[in-house]
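Have a look at the structure below before the remarks.
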Amino acid sequence: MPFAITSDVKINRLQYGEEACAPCHFFGPHILSHWLVHYVRSGRGIFRIHENEYEVHAGEVFFIPPYVSTYYEADRDDPWDYQWLGIYGSGLAEIYASAGLSEHTPVRAVSPAVPRVLDALLKQGENVRPCGAVSLAYAFLEALSENAPPPPANESKAYVEHAEDYLQRFIYKKVTVADIAAHLNIDRSYLTSLFKKHRGISTQQYILKVKMEAACGYLLATDYDVARIARSVGYDDPFVFSHAFKTLYGESPTAWRKAQKVKSIFNLSL
């Protein structure tokens with residue numbers, strides 16, 4: 001899968017290192033606030049995420065996304081020696097997904113380019129200049145994408161379906177793209193790319209579509225005034241709601257309701 005850096009990707013800070021672990025050395029359960037990838041140079045160990053356990057061997061990486069509880073432990077007989085790179089930033093979920101890594105596919109073999117980049121970082125240590133470190137971080141992300149399998153279609157579609165379910169459950173609230181992305185623990189730009197892939201529109205367009213369809217249902221099935229319907233689909237301001245409705249349907253909610261009633265009467269008279 002081709003690697004691409006967009007304007008949404010921001011790298012703010014890096015954390016990197018290496019360790020030859022003692023037998024049964026473990027870390028966690030723990031939740032981090034940044035993206036972390038370990039590359040296993042030799043030995044083996046286990047990695048646990050979402051109650052799933054993976055055995056990780058030399059030449060493979062294991063991936064830790066932010067705000068997800070994980071645990072990992074070195075093997076008793078052949079403990080691993082690994083390097084790691086943690087990245088603090090935004091817009092990274094889609095980049096890691098393009099590298100075949102997610103919380104549901106957290107382990108895979110990588111090309112020799114990955115340890116070469118990590119070696120370069122470790123060689124420079126704390127003397128590496130900020131621009132040079134960020135450049136190497138981008139090179140690391142590019143190296144991860146080499147020979148990467150595409151993310152499973154069912155996984156990316158599941159994110160969309162969970163987002164749709166979340167929106168339906170909270171149709172009465174003001175729901176933003178950021179709210180849905182936070183609920184799913186993925187980046188908002190990645191979420192939008194999934195909606196465009198599976199639904200043909202952006203997340204924001206989908207939110208508007210669902211809310212206005214619900215509003216149409218209220219307009220047809222009730223005698224609620226526009227202000228009450230607006231509140232029922234998460235709009236505090238009826239004027240903002242009416243403007244959004246008109247943008248989608250070409251007329252105000254009141255005019256739309258009258259037109260639908262006229263159509264209904266006309267159909268009954270035929």
Aspartates and glutamates with Cα under 16 Å of residue 123, excluding same-chain neighbours fewer than 8 positions away: 18, 19
Extension reserve of the residue 252-residue 162 stretch, reckoned as 0.36 nm per residue once the Cα distance is removed: 29.3 nm
Spin-label proximity, residue 33 to region 69-92 - amide N less than 14 Å from point 7 Å beyond Cα toward beta carbon: 87-90
Where a label projected 7 Å from the Cα of residue 26 along Cα→Cβ would reach, residues of region 47-71 with amide N under 13 Å: 47-49, 70-71
Two-site label geometry, residue 18 and residue 120: point separation in nm, points 7 Å out along Cα→Cβ: 1.6 nm
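Per residue, how large is the accessible surface of region 19-152? Use a 1.4 angstrom probe and give square angstrom.
I get 45 Å² per residue for region 19-152.
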The chain - mean residue ellipticity at 222 nm from DSSP helices (-39,500 (n - 2.57) per run, n ≥ 4, rounded to 500): -14500 deg cm²/dmol
Cβ-Cβ FRET estimate between residue 81 and residue 133, R0 fixed at 25 Å, reported to 0.05: 0.65
Gyration tensor (alpha-carbon) shape descriptor, region 198-243, a/c threshold 1.5: oblate
Gain in span if fully extended, residue 58 to residue 173, counting 0.36 nm per residue against the direct Cα distance: 36.6 nm
Entry for P(r) over Cα pairs in 5 Å bins from 0, in percent (calculated from the structure that is shown) out of [x] 1, 6, 13, 17, 20, 19, 14, 7, 2, 0, 0; [y] 1, 5, 11, 15, 19, 18, 14, 10, 5, 2, 1, 0; [z] 1, 5, 11, 13, 14, 12, 9, 7, 6, 6, 5, 4, 3, 2, 1, 0, 0: [z]
Region 181-200 versus region 11-74: alpha-carbon centroid distance in Å: 26 Å
For the chain, built as a Gaussian network whose Cα springs stay under 10 Å, the top-fluctuating residue of 165, 75, 223: 223
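The values are calculated or read from the model by the stated rules, or taken from the named source; none is laboratory data. Just so it is clear, the model here is predicted, and its values are computed rather than measured. Every residue, glycine among them, receives a Cβ derived from its backbone with ideal geometry; neighbour counts consider all protein chains shown. The area values use the complete protein model at the heavy-atom level, side chains included, leaving out ligands, DNA and RNA. Shrake-Rupley method; radii C 1.70, N 1.55, O 1.52, S 1.80 Å.
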